[in-house]
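Asks: If you scroll down you'll find the structure; I have some questions about it.
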Amino acid sequence: MQEGTNRAPVQEEFFRRIGEDSLAPLWKVLAGLVTDEPKTTIRGHRWTYDEVRPYLLEAAELVTTKEAERRVLVLENPNLPGQSRITRSLFGGLQIIMPNEVAPPHRHVAAALRFVIEGEGAYTSVDGERAWMKPGDFIITPSWTWHDHGNHGSGPVVWLDGLDMHMVNLYETSFREADEESELHEPSKPDGDSLARFGSNVAPIEHGHTAKTSPIFSYPYDKTKEALLKLRRSDEPDPHFGFKVKYINPLDGGWAMPTIATCMQHLPAGFKTERYRATDSTVFVAVEGKGRTTVGDQVFEWGPRDIVVVPSWVPYQIEADSDAFIFSYSDRAAQEKLGFWREQKLKPTVQ
Ligand code: GTQ
């Protein structure tokens with residue numbers, strides 16, 4: 001048919017007819033499917049711990065861990081309400097467990113990270129080994145491992161959960177199992193067993209660890225902080241990262257988890273990173289220090305325990321007013337494996 005004639009009614013009728021046979025014209029949707037650059041559906045956002053903590057304590061009054069299974073307040077990206085997403089691909093939530101409570105054992109294909117925010121005396125158990133939690137610790141629950149949590153301390157314990165279930169669900173590969181028989185699994189291994197086997201740059205000669213996740217599942221904060229402070233003694237800060245380390249799987253040097261990338265970063269007081277962007281929308285949690293993060297045209301002030309999310313491909317800068325330690329997680333580990341991940345180190349803007 002010639003261009004210029006009014007083809008709209010004929011086209012509409014055609015679309016309707018092919019629609020009945022489960023067909024659709026690509027040319028109507030192509031630009032939205034294959035975009036020139038990332039068109040993020042999430043928004044930058046900050047949750048201050050001061051505003052969330054009272055809700056967590058209220059939740060602890062309202063529902064038991066037994067009823068809730070996991071007593072978590074989901075950090076919902078304000079652009080994606082009701083979807084339990086902090087970024088497009090990742091879940092974020094704050095879990096609270098009160099003294100003498102347990103969260104019962106289950107396992108699922110989705111993997112979780114725990115980043116400890118407040119309190120001491122709680123453990124998370126992974127396939128029979130307990131990791132005792134301290135603020136700043138990064139702990140992994142690998143895919144399909146039994147896990148339960150408990151609090152032997154005298155106050156509430158709160159941690160940030162990061163899960164990859166949206167990736168699992170994208171591929172429609174979710175399985176889950178709960179142990180209806182028992183409220184908790186008694187430890188079958190001594191505390192610190194994984195760190196003893198794999199945490200000293202050695203591994204048992206026939207260790208048999210074939211899982212894709214690091215055999216170390218607890219990365220204590222004091223060790224990570226010490227590594228960063230040692231870097232600071234001998235190196236200049238990187239203009240875009242300050243001092244930044246990635247949590248690695250000691251068996252292959254890759255990311256500690258197969259889907260989720262995790263890092264800890266140190267910015268000395270007064271340091272401001274240069275503009276940077278990458279395709280992995282990222283969740284940042286301040287452990288120590290105060291400062292602000294500029295995300296496109298948004299500015300978020302943060303202090304200890306505050307959480308900031310930065311969308312894919314939006315330039316951002318982090319500025320520290322006092323010595324800062326910042327944990328972060330994103331889907332970069334998955335993106336790299338698929339060949340999707342890109343970054344751009346932007347030049348300083350001329351004033
Ligand atoms: O602790 O097992 O935040 O299964 C969401 C789903 C935590 C957990 C969450 C979970 C868990």
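The values are calculated or read from the model by the stated rules, or taken from the named source; none is laboratory data. Predicted model only: the values in this text are computed from it and were never measured. Please note: Cβ atoms are built from the backbone with ideal geometry, for glycine as well, and neighbour counts cover all protein chains shown. Accessible surface areas use protein heavy atoms only, side chains included; no ligands, DNA or RNA. Shrake-Rupley method; radii C 1.70, N 1.55, O 1.52, S 1.80 Å.
Asks: So is residue 13 open to solvent by 40 Å² or more (accessible area, probe 1.4 Å), of a type outside the set (S, T, N, Q) and farther than 25 Å from residue 116 by Cα or not?
Replies: yes
Asks: How many of the residues in the range 172-204 are away from the ligand (no atom under 16 Å from the Cβ) and open to solvent by 50 Å² or more (accessible area, probe 1.4 Å)?
Replies: Residues flagged as away from the ligand (no atom under 16 Å from the Cβ) and open to solvent by 50 Å² or more (accessible area, probe 1.4 Å) within the range 172-204 amount to 14.
Asks: Working only within the range 205-222, note down all residues that are under 18 Å from residue 135 (Cβ atoms) and either in contact with a Leu (Cβ under 9 Å, 6 or more places away or on another chain) or surrounded by 12 or more Cβ atoms within 10 Å (Cβ to Cβ) (or both).
Replies: Scanning the range 205-222 gives 217, 218, 219, 220, 221.
Asks: Out of 273, 294, 262, report the one residue that is within 17 Å of residue 44 (Cα to Cα) and β-branched (Val, Ile, Thr).
Replies: 294
Asks: Do you know which residues across the range 76-117 are surrounded by fewer than 21 Cβ atoms within 10 Å (Cβ to Cβ) and charged (D, E, K, R)? Don't jump to the end; show me each part of the working.
Replies: Here is the first cut: in the range 76-117, the residues surrounded by fewer than 21 Cβ atoms within 10 Å (Cβ to Cβ) are 76, 78-84, 88, 93, 98-102, 104-109.
If the condition is that a residue be surrounded by fewer than 21 Cβ atoms within 10 Å (Cβ to Cβ) and charged (D, E, K, R), then 76, 88, 101, 107 are the ones that fit.
Asks: I would also like to ask the following. Just for strands (runs of 3 or more DSSP E) wholly inside the range 58-116: which have at least 1 residues that are more than 16 Å from residue 43 (Cβ to Cβ), among the aromatic types (Phe, Trp, Tyr) and near the ligand (Cβ under 9 Å from one of its atoms)? If you could, list the steps in order and put the result at the bottom.
Replies: Details: elements: 72-74, 91-97, 102-108.
Counting at least 1 such residues, we get 91-97.
Asks: Pick from 305, 292: which is surrounded by fewer than 22 Cβ atoms within 10 Å (Cβ to Cβ) and in a loop (DSSP other than H, G, I, E, B)? Steps first, answer last, please.
Replies: Numbers: 292 fails: in a loop (DSSP other than H, G, I, E, B).
Exactly one of 305, 292 is surrounded by fewer than 22 Cβ atoms within 10 Å (Cβ to Cβ) and in a loop (DSSP other than H, G, I, E, B), namely 305.
Asks: Please name all residue pairs, on different chains or six or more residues apart, with Cβ atoms under 6 Å, provided the first residue is in the range 192-215 and is modelled with pLDDT of 95 or more and the second residue is among the hydroxyl-bearing types (Ser, Thr, Tyr) and surrounded by 11 or more Cβ atoms within 10 Å (Cβ to Cβ).
Replies: That search, which allows pairs on different chains as well, returns 215/194.
Asks: Can you find, within the range 155-171, the residue that is farthest from the ligand (Cβ to nearest atom) among those that are touching a Gly at 6+ places or on another chain (Cβ under 9 Å) and under 19 Å from residue 217 (Cβ atoms)?
Replies: Out of the qualifying residues, it is 157.
Asks: Would you tally the residues in the range 139-154 being more than 15 Å from the ligand (Cβ to nearest atom) and within 23 Å of residue 259 (Cα to Cα)?
Replies: Within the range 139-154, residues that are more than 15 Å from the ligand (Cβ to nearest atom) and within 23 Å of residue 259 (Cα to Cα) number 0.
Asks: Another question, then. Among residues belonging to the range 118-153 that are assigned to a loop (DSSP other than H, G, I, E, B) and closer than 17 Å to residue 65 by Cβ, point out the one that is least open to solvent (accessible area, probe 1.4 Å).
Replies: So the first thing to find is which residues in the range 118-153 are assigned to a loop (DSSP other than H, G, I, E, B), and the list is 119-121, 127-128, 133-137, 142-146, 152-153.
When the remaining residues are screened for being closer than 17 Å to residue 65 by Cβ, the result is 119, 121, 133, 146, 152-153.
Working: 119: 20, 121: 24, 133: 3, 146: 56, 152: 120, 153: 20 Å².
Result: 133.
Asks: Report, by residue number, each residue of the range 223-254 that is acidic (Asp, Glu) and either open to solvent by less than 30 Å² (accessible area, probe 1.4 Å) or under 13 Å from residue 325 (Cα atoms) (or both).
Replies: 226
Asks: Find all pairs meeting these conditions: Cβ atoms under 7 angstrom apart; at least six residues apart or on different chains; first residue within the range 238-252 and on the phi > 0 side of the Ramachandran plot; second residue open to solvent by 30 Å² or more (accessible area, probe 1.4 Å) and part of a loop (DSSP other than H, G, I, E, B).
Replies: 242/271
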